[in-house]
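Q: If you scroll down you'll find the structure; I have some questions about it.
The values are calculated or read from the model by the stated rules, or taken from the named source; none is laboratory data. Predicted model only: the values in this text are computed from it and were never measured. Cβ placement follows ideal geometry from the backbone for every residue including glycine, while neighbour counts extend to all protein chains displayed. All accessible areas refer to the heavy atoms of the entire protein, side chains included, with ligands and DNA or RNA removed. Shrake-Rupley method; radii C 1.70, N 1.55, O 1.52, S 1.80 Å.
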Amino acid sequence: MLKNYFKIAWRNLIKDRQFTILNLVGLSTGLACALLIFLWISDELNKDKYNNNDQQLYQVMQNIKHDGIIETTENTGGLLANALKTELPEVEYAATVVPPSWFSSKGIISFNDKRLKVGGQFISKDYFNIFNCNFLEGNKNKITSDKHSIAISDELALKLFHTTHDLVGKTIGWNQDEFDGSYLITGIFKKNPANASERFDVLFNFDLFSEKRPFIVQWGNSDPRTYVVLKEGTNIQQFNAKIKNFQDSKLKNSGTTLFVRRFSDQYLYAQYKDGRQAGGRIEYVRLFSIIAIFLLVIACINFMNLSTAKAAGRIKEVGIKKAVGASRFTLIVQYLGESVLMSFLSLILAIVLISVLLPAFNSITGKELTLNFSGQLIITVICITLLTGLIAGSYPALYISGFKPALVLKGKLKTSIGELWIRKGLVVFQFTLSVIAIIAVLTVYKQINYIQSKNLGYNRDNVIDFSIPFVMDSAGISNAVAFVNEIRNIPGVVSAGSHSHNLIGDHGGISGFEWPGKDPSKDISFANLEMGNGFLQTVGIKIKEGRNFSDNANALNEIVFNEAAIKSMGLKNPIGKTIKFWGRPHQIVGITEDFNFESLYEIVKPCFFQMFPIGPNIVVKIKAGTEKQTIERIEKCYVSFNKGLLFDYKFLDEEYRALYISENRVAVLSKCFAGIAILISCLGLFGLAAFTAQRRQKEIGIRKVVGASVTSVVAMLSKDFLKLVIIAAFTAFPLVWWAMNDWLNGFAYHIKMSADTFFIAALSIVLITLLTISFQSIKAATANPVKSLRSE
C-alpha cells in the first residue's frame, strides 16, 4: 500500500510540473532561510556557555542612582569578591577580573624583535575555580601567587615562539600604561573558545593591578568585574535581596545596590533600564525566530492554496477510492504523505541552497557558521521538515478527503464559498506579512541612515584613530609626546591630539563632585573623558563659553564641562569657578556644546574633560583629498617610533558605525528575508493566477467573442487579486506602525513614522502583484477563443 501511495504521489508530481516547481521553489526557499536562521540562533544562544559551572556561575551587577536616574553597570568594587566569599555562605567561589575591554587600547607583548598588540586580563585567586581555562603547560596557580608571572594563550605562543612547548621560564616584555616591565611565563593556556564573548591572550595577577592602582581596592571605587559561583540550591531572588544593600555596609550612603545575573546571559541580555533588564541581543533572536516561522508559514500557505486550487483534478480519484471502501483517514494519510514527500524533496534543494548561501550569510552576520550534520542538527532538520510537510498538507488533505463520492461521480461538486474565503484569507495573510516586511525594512533603513548622518556635535570626517605604546623615558616623559609633535609636522595633517577614553561610549564615570551652591542631597554621575592637547580641535568639539585648556602645566588643574553637566549642576556663570572631585580642586575654564559621546540609544549625559599630557590613543585630522599619501607618511613615522609593530588605524566614522553593527546586520538580513517573503508569496500568486485563468478560460472566450478587449479581460482577472492585496496592506498598516514605533522608541534620537513609508509599501506591493499576475492574465486574454469554446 505504501509503495502504491508513493507511486501515485510521484506521478502527480511529474504530471503537473508547473505546480511541482512552484511548490518546490517556495518550500525549499522557506526551509533554507529557516535553517540558516536556526544556525544563527543556535550560535547566539550558545554564547558564553562554555564553562562547567555555567548553571551556578553569576556576575555581580551594580545599580547606581544619581539624580533620580538608575544606571546599571557591570563594574564593581575591587574588594567585593573577597567580601562576598568571606561573609556570605551561599558563595562558593568569587573572583575579581579586569578584562581587556576595560583598557582603551591593547597592550604590547614583545620577545626579541617581535612585538604584538594583544589583550591582557587581570585575575584574582579563585578565577580558575570559576572559569574553564585549560593549561597545556605550566602551573595555573603560579599566576595568582606571583605578581611578576604571566600565562599566555597557545595562539599567542605560536605567533611569538612558533611552538607551545618548553616556554615556561622564558621572559617576555609587556607594555601597557604603568604595567610596563618584564614578566616570567609560568603557563600556556588554551584560548577561550569561539563562543566566548570576551577573548584574551595574556593573564596577569590582579594583585599587580591593585599594586599599581591602589584606588581599585577602595570601597568607593567601581572598576573591575566580580564573578561568583553560588552553591547548588541557592535561591537567586533571596540572594539578590541579601546582597542588595551589601555595599552600604562597607561605605555608608554608597548610593548603589547589587544583584547577580547569570554569566551566560551577559551577551543576550545586556540592556538595562531603570535598574531592570530591558532587552539586548535576545530581541534579535526573537525577531529572527518570528521571521523564520513567517517564512515557513508563507511557503506552507502557497502549498495549501495551490493544492486546494488543483483539487478539482483529483475529485474523481477520491470518488472512486471512497466508492470501493477507502476511509477518510486512509485518504488523509495518503495526501499528507504526498506533502511530506514534497517537503523532503524541498529539503534536499534547501541544503544545496544553504551550501551556496552560507559564505554570504556568514559575511553579513560576522559569524563562522558551518553546516555540520551533528545528531542534534539532523534531528532538528528532520523535525522542521516533517512539521512543514504536515502543516502544508493538512488543509488540502482534509479538504480533498472530505469530498462526497456520490456528488463527485455525478459531477455535481462545486467550489464552496467557504473554500474561496479560506483561500482568499490565506492570500491576504501572506501579503499582510509581505507589507509588514516592506515597511519594516524601509523604517530600519531610514533610522540607520539617520544615525549615520546625524550631527553628533563633533566632526568625524577625515579623522583617523590609532593606539600607540606608552613607554616612559628616564625623565618620566613618554615617547608619545615626541611622536605626536612629529605627526603634527607631517604635510597633510591638519591637527593631532591624544585621548584615553573615546566618543563611542568608552568612558569612565565619576560622582562625588563638589561645586559652589551644591545641594548636599544631590549627586550626579559625570562621564569622564580624558584627553591630551589638541583633542578638542582635532575632533571639532566646539567651545560654547570660556576657552580650551592651557598649553602649560596649569592644564592639569583645569576642567571643561559640557552644557548638560552645567545644567544638571545648576551653576550660574560657571567660568572661573572651582569644583572638587577626589579631593582635588579644578577650575572651570570652558563649556562645550552638547555632543553625543555614546550611542543614540542614550540621551546626552553630563560629562567633563580633564587634561593628561598624552594618552594611549591618537586622533589625526587629515586634509581632504590627501588621505592616501598622508596616511602613508603617518605610517612611516609610526614605524620609526614603534619598530616591529603593525600600523593599525581606523577612521573615526568607521568606529562610530561599529556601534550599530547589529542594527546594520539586522537591516541587511531583514532586506534579504523581506525580499524572500515577497518572492515566495508571488510564487503562490503566480500559481493561483494561472489556475484562475485556466478555470475561467471559457468565460474569457465568450467575452472576447462578444467584443471584450484584451485590456478589459486583463483588468477583470487582476482586480480580484488586487482587492486582496489592498486589504492586506490596510491590515498590515496598524500592526507594523505599532511594532516599528516600539522599536524606534528604544533610541533616544530617532525618526518618526511617516505616511510616505506606508504609501511606498502599498504602491510597491500593488506593482509587484500586477507584475506577478500580468503574465498569466495577458496570456489568457490573448489566447484564441476558438480553442476554449471548441468543446461547446
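Q: Could you tell me the largest-minus-smallest coordinate of the C-alpha atoms of the range 218-270 on each of the three principal axes, in descending order and whole angstroms?
A: Cα spread of the range 218-270 along its principal axes, largest to smallest: 30, 24, 16 Å.
Q: A follow-up question, please. Ratio to report: Rg/Rh of the range 347-386, with Cα atoms as the point set and Rh obtained by the Kirkwood method; give two decimals. Working shown, then result.
A: On the way: Rg = 11.1 Å, Rh = 11.1 Å.
Radius of gyration over Kirkwood radius for the range 347-386 works out to 1.00.
Q: List the aspartates and glutamates whose Cα lies under 19 Å from the Cα of Lys698, skipping any in the same chain that are fewer than 8 positions away.
A: Within reach: Asp720, Glu792.
Q: If I model the range 435-534 as equal point scatterers sitting on the Cα atoms and use the Debye formula, what is log10 I(q)/I(0) at q = 0.14 Å⁻¹?
A: One equal scatterer on each Cα of the range 435-534 leads to -0.86.
Q: If I ignore ligands, DNA and RNA and count only protein heavy atoms, how much of Ser599 is accessible to a 1.4 Å probe, in Å² to the nearest 10?
A: Spelled out: Ser599, probe radius 1.4 Å, area about 20 Å².
Q: Can you run the Rg to Rh ratio on the range 566-680? Use alpha carbon positions and the Kirkwood inverse-distance Rh.
A: Working: Rg = 22.0 Å, Rh = 19.6 Å.
Looking at the range 566-680, the ratio lands at 1.12.
Q: Here is a further query. Convert 4 °C to kelvin, take the viscosity as 1.567 mPa s, use the Kirkwood radius over C-alpha pairs of the range 135-189 as Rh, and evaluate the Stokes-Einstein diffusion coefficient in µm²/s, rounded to a whole number.
A: 115
Q: Another question, if that's okay. Helix 417-453 versus the longest principal axis of the chain: what is the Cα-based angle in degrees, 0 to 90, to the nearest 10?
A: Helix 417-453 sits roughly 20 degrees off the main axis of the chain.
Q: Short version: ³J(HN,Hα) in whole Hz for each residue of the range 378-391, in order, from phi by Karplus 6.51 cos²θ - 1.76 cosθ + 1.60 (θ = phi - 60°), x for Gly and Pro, what are they?
A: 4, 4, 4, 4, 5, 5, 4, 5, 4, 5, 4, x, 5, 5
Q: Also, quick follow-up: Which angle between 0 and 90 degrees, to the nearest 10, do you get for helix 282-309 versus the longest principal axis of the chain when only C-alpha atoms count?
A: The angle comes out near 10 degrees.
Q: A further question follows. Share of antiparallel DSSP beta bridges in the range 137-212, in percent to the nearest 5? Could the numbers behind the result be given before it?
A: Values: 8 of 13 bridges.
Looking only at bridges with both residues in the range 137-212, the antiparallel portion is about 60 percent.
Q: Between Asp274 and Leu369, with labels modelled 7 Å along Cα→Cβ, what's the label distance in nm to one decimal, could you check?
A: Going from the Asp274 label point to the Leu369 one covers 3.6 nm.
Q: Once amide H atoms are built 1.01 Å from N in the peptide plane, which residues 5 or more positions from Asn192, or in another chain, come under 5 Å H to H?
A: Phe200
Q: Sequence-distant or interchain residues sharing an amide H contact under 5 Å with Ser495, placed H: which?
A: Lys621
Q: Using modelled amide H (1.01 Å from N, peptide plane; none on Pro or chain starts), what sits under 5 Å from the amide H of His501, excluding residues fewer than 5 places away?
A: Counting only residues 5 or more places away or on other chains, the set is Glu530.
Q: Would you work out what percent of the accessible area of the chain, with all protein chains in place, is carbon or sulfur (probe 1.4 Å)? Numbers along the way, then the final one.
A: Numbers: 21300 of 37100 Å².
In the chain, the share of accessible area belonging to carbon and sulfur is 57 percent.
Q: Follow-up question, since we're still on this one. In the chain, what percentage of the DSSP-assigned beta bridges are antiparallel, given to the nearest 5?
A: On the way: 73 of 92 bridges.
Rounded to the nearest five, the antiparallel share is 80 percent.
Q: How large is the helix-only mean residue ellipticity at 222 nm for the chain, computed as the sum of -39500 (n - 2.57) over DSSP H runs with n ≥ 4, divided by its residue count, in deg cm²/dmol to the nearest 500?
A: Details: 24 runs with 382 residues, N = 792.
It lands at -16000 deg cm²/dmol.
Q: At R0 = 30 Å, how high is the FRET efficiency between Ile379 and Glu602 if r is their beta carbon distance? Nearest 0.05 is fine. It would help to have the intermediate numbers written out before the result.
A: Values: r = 43 Å, r/R0 = 1.44.
For Ile379 and Glu602, the calculated efficiency is 0.10.
Q: Follow-up. State the extension gain, in nm to one decimal, for the chain segment bounded by Thr20 and Val481, taking 0.36 nm per residue of separation less the distance between their alpha-carbons.
A: Numbers: separation 461, 0.36 × 461 = 165.96 nm, distance 7.23 nm.
Gain on extension, Thr20 to Val481, equals 158.7 nm.
Q: Using θ = phi - 60° and the Karplus curve 6.51 cos²θ - 1.76 cosθ + 1.60, what whole-Hz ³J(HN,Hα) does each residue of the range 75-92 get, with Gly and Pro shown as x?
A: Karplus-based 3J(HN,Hα) across the range 75-92 equals 7, 9, x, x, 8, 5, 4, 4, 5, 5, 5, 6, 9, 10, x, 6, 8, 7 Hz.
Q: If I take R0 = 51 Å and measure r between the Cβ atoms of Ala658 and Glu699 in this structure, what FRET efficiency does the formula 1/(1 + (r/R0)^6) give, to the nearest 0.05? Let's see the in-between values first.
A: Details: r = 61 Å, r/R0 = 1.19.
In this case the efficiency is close to 0.25.
Q: Calculate the all-directions average of the projected area of the range 660-720's alpha-carbon convex hull, and give it in nm².
A: On the way: hull surface 21.2 nm².
With every direction weighted equally, the projected area is 5.3 nm².
Q: Moving to a separate point now. How fast does the range 699-782 diffuse by Stokes-Einstein, in µm²/s, taking the Kirkwood radius from C-alpha pairs at 20 °C and 1.002 mPa s?
A: Numbers: Rh = 15.3 Å.
Value of D from the Cα-based Kirkwood radius: 140 µm²/s.
Q: Given Lys454/Lys605; Lys65/Lys106; Lys191/Lys273; Lys47/Lys142; Lys572/Lys605; Lys49/Lys170, which pairs have Cα atoms separated by over 27 Å? Walk me through the numbers on the way to the answer.
A: Working: Lys454/Lys605 17 Å; Lys65/Lys106 32 Å; Lys191/Lys273 34 Å; Lys47/Lys142 29 Å; Lys572/Lys605 19 Å; Lys49/Lys170 33 Å.
From the list (Lys454/Lys605; Lys65/Lys106; Lys191/Lys273; Lys47/Lys142; Lys572/Lys605; Lys49/Lys170), the Cα-Cα distance tops 27 Å for Lys65/Lys106; Lys191/Lys273; Lys47/Lys142; Lys49/Lys170.
Q: Let me ask something additional. Please report the orientation-averaged projected area of the range 163-208, defined via the convex hull of its C-alpha atoms, in nm². Walk me through the intermediate numbers first.
A: Details: hull surface 17.1 nm².
In nm², the orientation-averaged hull projection of the range 163-208 is 4.3.
Q: Per residue and in Å³, how big is the convex hull formed by the alpha-carbon atoms of the range 521-563? Display every interim value, and only then the final one.
A: Details: hull volume 4.5 nm³, N = 43.
Enclosed volume per residue, from the Cα hull, is 105 Å³.
Q: Set the Förster radius R0 to 35 Å, insert the Cβ-Cβ distance between Ser355 and Asn455 as r into 1/(1 + (r/R0)^6), and round the FRET efficiency to 0.05.
A: Details: r = 45 Å, r/R0 = 1.29.
Calculated transfer efficiency: 0.20.
Q: Right, another one. Just to check I understand the Karplus step: with θ = phi - 60° and J = 6.51 cos²θ - 1.76 cosθ + 1.60, what whole-Hz values come out for the range 604-609, glycine and proline as x?
A: For the range 604-609, the Karplus-derived couplings read 5, 9, x, 8, 9, 10 Hz, x marking Gly and Pro.
Q: List, in the order given, every pair from Lys117/Lys522; Lys159/Lys628; Lys114/Lys623 whose Cα-Cα distance in the structure shown is over 32 Å. Could the numbers behind the result be given before it?
A: On the way: Lys117/Lys522 43 Å; Lys159/Lys628 30 Å; Lys114/Lys623 34 Å.
From Lys117/Lys522; Lys159/Lys628; Lys114/Lys623, over 32 Å: Lys117/Lys522; Lys114/Lys623.
Q: For a 22 Å ceiling on Cα separation, which of these pairs sit above it: Lys544/Lys567; Lys212/Lys643; Lys567/Lys752? Please report the intermediate quantities before stating the final value.
A: Details: Lys544/Lys567 14 Å; Lys212/Lys643 27 Å; Lys567/Lys752 28 Å.
Checking Cα-Cα distances, Lys212/Lys643; Lys567/Lys752 exceed 22 Å.
Q: Based on the Kirkwood radius over alpha-carbon pairs, what value in µm²/s does the Stokes-Einstein equation return for the translational diffusion coefficient of the range 70-166 at 4 °C and 1.567 mPa s? Display every interim value, and only then the final one.
A: On the way: Rh = 15.7 Å.
Translational D for this selection: 82 µm²/s.
Q: Follow-up question, since we're still on this one. Looking at the range 643-759, I'd like the Rg to Rh ratio, where Rg is from alpha-carbon atoms and Rh is Kirkwood's inverse mean 1/r.
A: Numbers: Rg = 24.4 Å, Rh = 19.5 Å.
Value, to two decimals: 1.26.
Q: Something else: Using only Cα atoms, what Kirkwood radius does the chain have, in angstroms? Display every interim value, and only then the final one.
A: On the way: mean 1/r = 0.0319 Å⁻¹.
Answer for the chain: a Kirkwood hydrodynamic radius of 31.4 Å.
Q: Starting from a Cα-only point model with no solvent, please compute log10 I(q)/I(0) by Debye for the range 148-254 at q = 0.15, 0.16, 0.17, 0.24 1/Å.
A: Debye curve over Cα of the range 148-254, log10 I(q)/I(0) at q = 0.15, 0.16, 0.17, 0.24 Å⁻¹: -0.87, -0.93, -0.97, -1.30.
Q: Turning to a different aspect of this structure: Hey, what's the chain come to in accessible area per residue, 1.4 Å probe, Å²?
A: Per residue, the chain has an accessible area of 47 Å².
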